[in-house]
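Undergrad: Let me give you the structure first, and then I'll get to my questions.
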Amino acid sequence: MATGSDAPSIGASREQGNPVSGILTFIIADLIVFAMLFTGFMVDRSHELAVFNRSANALDFHLGLANLLILVTSGLCVVFAVSAAREGRMTAIRNWILVAFVIGAGFGVSKFVEWGDKFAHDIGMHTNAFYMYYFALTGAHFLHFLGGMGALAFIWFYSLRHAGAPDFRGKIEAVGLYWHMVDLLWVLIFPLLYVLGHQWPACP
Amino acid sequence: MNDPRMFNTEAYFRYYNPVLTNEAYFRYWRACAAMGPVFLAAFLLCWGMLGYNIPPIPADWTADQMAAHFRTHYNEIRAGMGGAMLFGCLYLPWTLAIYKVMQLINRNENDIVSTLQMWGGALTVVPLVTSSVFWLTGAYRPEELEPKTLQMLYDQGWLLIDMFYFITTIPMVAIGMAGLTDKREKPLFPRWACWYSIWAGLSFLFELLMPFFKTGLFARQGWLNFWVEFVVWFAYILVITYFTMKAIPRLEKERAELLDRA
């Protein structure tokens with residue numbers, strides 16, 4: 001177990017004694033609202049099971065899975081960047097953040113492909129209750145994703161001049177925590193929208 | 001005068017003004033800060049209960065149902081909206097108290113974020129008061145107005161108060177940003193309150209979906225766009241009032257020490 005100055009800080013906060021401080025407040029509040037949305041989805045799904053399953057089956061399962069792998073891989077790169085920051089490896093920090101950003105950008109591209117396909121087929125928020133949740137959840141998640149990409153870009157530029165600053169580690173940990181929240185939300189959204197109603201092909 | 005903070009002339013005139021005693025300098029600050037909870041309580045009573053906005057009349061009601069509502073409850077709505085327009089203005093002195101505290105978070109930095117908070121908070125009065133006028137207009141001659149006109153007035157009130165959310169988001173994000181830059185060992189606004197303020201302001205973005213729905217969670221009466229978002233805003237008012245009140249005696253003490261040293 002790490003001790004002393006090597007011990008990981010909590011929530012990137014200066015107030016180390018308070019675990020529910022700093023960015024964690026933002027993340028917890030956000031997760032509560034998403035949890036409410038997930039609950040709403042499940043309640044409404046129970047009322048219109050056939051519609052939800054039929055609609056879920058029309059989603060591109062493989063694209064959803066690709067999104068999951070993209071975000072988790074990008075999240076892993078941020079872990080390596082935070083680890084490099086703790087060890088004072090400045091070049092590695094920037095490289096890992098850059099890789100995380102480039103991989104993460106793939107999520108944005110795939111979302112435009114997916115939404116473009118839905119709009120091309122005249123599917124929108126008003127098609128049915130499932131698609132209302134689909135667009136609301138993926139849209140809200142996409143805004144979080146954009147915020148995360150902005151945070152990655154910020155920390156990359158910030159590291160050019162301030163990588164050795166005393167508050168740098170706290171900042172990169174805060175960015176890392178936020179980016180993992182973006183991962184986590186997709187880890188929950190993916191099974192809910194893409195897997196739950198998916199009709200798996202029969203075994204040969 | 002050895003304090004390096006005194007070399008900034010703007011801070012010197014704004015903060016270190018030996019003509020003003022500490023008592024005179026901080027006079028009315030607490031009264032203004034207390035206007036936040038007063039606004040909240042009165043607004044809930046007038047706008048919410050008397051005005052029948054908690055919860056809102058569902059967006060999928062017919063024009064005839066809406067007309068029946070106005071023609072039955074016109075006196076309560078008149079009283080409620082009159083009160084909402086009166087007490088809605090208390091958001092202004094509350095905003096001013098936060099502005100004064102924010103100016104002293106880091107005395108040697110420019111005051112653009114605190115000014116932004118002041119303008120955003122003050123302009124929040126506009127949707128609060130203007131939307132109340134629409135509901136008041138409906139209650140003024142409900143028998144003579146067409147049901148569709150009454151429906152339109154009620155809709156317009158809600159579209160304004162919900163969709164002008166970003167003018168409230170600006171001060172909420174500004175408070176969070178300023179608080180997070182506080183260089184004190186123990187910041188005036190704790191970091192969790194700053195992040196809550198930022199999150200709460202940004203969470204209003206769900207209101208973007210409100211005009212697209214008449215039923216469900218995103219409609220004006222929906223559990224997300226009404227119950228969650230309004231509770232989040234009300235909680236923000238209480239949290240920021242609490243820490244503004246707690247900041248004032250600390251600033252008084254800091255200034256007294258500064259005057260003693262000078």
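The values are calculated or read from the model by the stated rules, or taken from the named source; none is laboratory data. Note that this is a predicted model, so its numbers are computed, not measured. Here the Cβ is made from the backbone with ideal geometry for all residues, glycine too, and neighbour counts use every protein chain on show. Calculation scope for accessible area: heavy atoms of the full protein, side chains included, ligands and nucleic acids excluded. Shrake-Rupley method; radii C 1.70, N 1.55, O 1.52, S 1.80 Å.
Undergrad: List pairs: first in region A:146-162 and farther than 13 Å from residue A:100 by Cβ, second open to solvent by 40 Å² or more (accessible area, probe 1.4 Å), Cβ under 7 Å, 6+ apart or cross-chain?
TA: Close Cβ pairs satisfying both conditions: A:158/A:171.
Undergrad: Looking at region B:219-260 only, could you name the residues that are of a type in the set (Phe, Trp, Tyr) and away from every other protein chain (no Cβ under 14 Å)? Break it down stepwise before answering.
TA: Keep residues of region B:219-260 that are of a type in the set (Phe, Trp, Tyr), which gives B:223, B:226-227, B:230, B:233-234, B:236, B:242-243.
B:234, B:242, listed by residue number.
Undergrad: Consider residue B:11 against the criteria (1) at pLDDT below 80; (2) within 17 Å of residue B:91 (Cβ to Cβ): it satisfies all of them except one. Which criterion is unmet?
TA: Only one criterion is unmet by residue B:11, namely (2).
Undergrad: Now, a different point. For the condition part of a helix (DSSP H, G or I), open to solvent by less than 70 Å² (accessible area, probe 1.4 Å), in contact with a Phe, Trp or Tyr (Cβ under 9 Å, 6 or more places away or on another chain) and not hydroxyl-bearing (Ser, Thr, Tyr), what is the one hit in A:105, A:153? So that I can check it myself, show each step before the final result.
TA: On the way: A:105 fails: in contact with a Phe, Trp or Tyr (Cβ under 9 Å, 6 or more places away or on another chain).
Result: A:153 is the single residue among A:105, A:153 that is part of a helix (DSSP H, G or I), open to solvent by less than 70 Å² (accessible area, probe 1.4 Å), in contact with a Phe, Trp or Tyr (Cβ under 9 Å, 6 or more places away or on another chain) and not hydroxyl-bearing (Ser, Thr, Tyr).
Undergrad: What about residue B:30, is it within 23 Å of residue B:126 (Cβ to Cβ) and modelled with pLDDT of 95 or more?
TA: Working: within 23 Å of residue B:126 (Cβ to Cβ): no; modelled with pLDDT of 95 or more: yes.
For residue B:30, the condition - within 23 Å of residue B:126 (Cβ to Cβ) and modelled with pLDDT of 95 or more - is not met.
Undergrad: Considering region A:68-91 alone, what residues qualify as being at pLDDT below 95 and either within 19 Å of residue A:174 (Cα to Cα) or buried (at least 20 other Cβ atoms within 10 Å of the Cβ) (or both)? Walk me through how you get there before you give the answer.
TA: Of the residues in region A:68-91, the ones at pLDDT below 95 are A:82-91.
Answer for region A:68-91, where residues must be at pLDDT below 95 and either within 19 Å of residue A:174 (Cα to Cα) or buried (at least 20 other Cβ atoms within 10 Å of the Cβ) (or both): A:82, A:83, A:84, A:85, A:86, A:87, A:88, A:89, A:90.
Undergrad: Considering region B:207-218 alone, what residues qualify as being aliphatic (A, V, I, L, M) and away from chain A (no Cβ under 11 Å)? Give the derivation first.
TA: Our first condition is that a residue be aliphatic (A, V, I, L, M); within region B:207-218, this holds for B:208-210, B:217.
Correct list: B:210 only.
Undergrad: So if I check each of A:200, A:115, which one is open to solvent by 40 Å² or more (accessible area, probe 1.4 Å), under 19 Å from residue A:55 (Cβ atoms) and away from chain B (no Cβ under 14 Å)?
TA: Working: A:115 fails: open to solvent by 40 Å² or more (accessible area, probe 1.4 Å).
Exactly one residue qualifies, and that residue is A:200.
Undergrad: What number of residues within region B:124-135 are aliphatic (A, V, I, L, M) and either buried (at least 21 other Cβ atoms within 10 Å of the Cβ) or on the phi > 0 side of the Ramachandran plot (or both)? Please lay out each step first, then the result.
TA: Quick first cut of region B:124-135, residues aliphatic (A, V, I, L, M) only: B:125-126, B:128-129, B:133.
Checking the rest, the ones that are also either buried (at least 21 other Cβ atoms within 10 Å of the Cβ) or on the phi > 0 side of the Ramachandran plot (or both) come to B:128.
So the answer is 1.
Undergrad: From the list A:120, A:105, A:129, which residue is in contact with an Asp or Glu (Cβ under 6 Å, 6 or more places away or on another chain) and over 21 Å from residue B:202 (Cα atoms)?
TA: Working: A:120 fails: in contact with an Asp or Glu (Cβ under 6 Å, 6 or more places away or on another chain); A:105 fails: in contact with an Asp or Glu (Cβ under 6 Å, 6 or more places away or on another chain).
So the residue among A:120, A:105, A:129 that is in contact with an Asp or Glu (Cβ under 6 Å, 6 or more places away or on another chain) and over 21 Å from residue B:202 (Cα atoms) is A:129.
Undergrad: Okay, next question. Being more than 30 Å from residue B:109 (Cβ to Cβ) and away from every other protein chain (no Cβ under 13 Å) is the requirement here; does residue B:158 meet it? Before you say what the answer is, go through the steps one by one.
TA: Values: more than 30 Å from residue B:109 (Cβ to Cβ): yes; away from every other protein chain (no Cβ under 13 Å): yes.
Taking the combined requirement at face value, the residue satisfies it.
Undergrad: So residue A:174 clears everything in (1) touching a residue at least 40 places away in the same chain (Cβ under 8 Å); (2) part of a helix (DSSP H, G or I); (3) under 30 Å from residue A:45 (Cβ atoms) except one condition, right? Which one?
TA: (3)
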